[in-house]
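Here it is, the structure in full.
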Amino acid sequence: MTLAYLLDENLPMRVVRAIQRFNLTTEMPIDALRVGNVSELPLGADDQSVLIWAESVGRILVSEDKHTLPDHLDRHLAMGRHCPGVFLVRPGIGLLEVVEFLSLVAHLTEPFEWRDRVSFIP
């Protein structure tokens, strides 16, 4: 099963564009939607709404928000909810590294490996 992602609105557009460019050149595209491009998740949606939506559709959240998102995830899990996972992009990481990581994880791992976890790229 190929994993799917939800890109947080705080990710720079250069990351979104890098994924789009990658998808034009590969037979194994990255399935990624961005907050703001989904009618149920407009720009400015709060973290709790983003986590609930990601849980409901089974998409791993990709974000740079290492300051508040882990706390929101802890509260989300404490309420008995679950999360397909959260990937946090480290500051200064190259676009190619992010895209390669997302592609490899999407096509070579299983959803249960990331469930209810925060992981850093890479």
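Is it fair to say L33 is farther than 14 Å from V89 by Cβ, under 14 Å from the mean Cα position of the chain (by Cα) and part of a strand (DSSP E or B)?
yes
Can you pull out every residue in the range 1-21 that is in a helix (DSSP H, G or I) and surrounded by fewer than 19 Cβ atoms within 10 Å (Cβ to Cβ)?
Of all residues in the range 1-21, those in a helix (DSSP H, G or I) come to 13-21.
Listed by number, the residues that qualify are M13, R14, V16, R17, A18, Q20, R21.
Those residues that are surrounded by fewer than 17 Cβ atoms within 10 Å (Cβ to Cβ), of a type in the set (G, A, S) and more than 11 Å from the chain's Cα centre (by Cα), I need them from the range 55-108; list them, please.
If the condition is that a residue be surrounded by fewer than 17 Cβ atoms within 10 Å (Cβ to Cβ), of a type in the set (G, A, S) and more than 11 Å from the chain's Cα centre (by Cα), then S56, A78, G80, G92, G94 are the ones that fit.
Give me the residue from the range 49-80 that is of a type outside the set (A, V, I, L, M, F, W, C) and in a loop (DSSP other than H, G, I, E, B) and, out of that set, farthest from I30 (Cα to Cα).
Here the answer is G80.
If I ask for residues that are of a type in the set (V, I, T) and closer than 15 Å to V15 by Cα, which ones from the range 28-63 would you list?
Scanning the range 28-63 gives I30, V35, V62.
Applying the selection to the range 26-54, what residues are more than 22 Å from L96 (Cα to Cα), buried (at least 17 other Cβ atoms within 10 Å of the Cβ) and in contact with a Leu (Cβ under 7 Å, 6 or more places away or on another chain)?
Residues satisfying the conditions are D47, V50, L51, W53, A54.
Here is a further query. Find all pairs meeting these conditions: Cβ atoms under 8 angstrom apart; at least six residues apart or on different chains; first residue within the range 26-38 and in contact (Cβ under 8 Å) with a residue 24 or more places away in the chain and of a type in the set (G, A, S); second residue assigned to a loop (DSSP other than H, G, I, E, B) and crowded, with 16+ Cβ neighbours inside 10 Å.
G36/E9
Within the range 49-88, how many residues are touching a strand residue (DSSP E or B) at 6+ places or on another chain (Cβ under 8 Å), closer than 25 Å to S39 by Cβ and not β-branched (V, I, T)?
Qualifying residue count, the range 49-88: 16.
Rule-based calculations on the coordinates, nothing more; no lab input. As the structure is a prediction and not an experimental result, all values here were calculated from the model. Don't worry about glycine lacking a Cβ; one is built from the backbone with ideal geometry, like all the others, and counts go over all protein chains shown.
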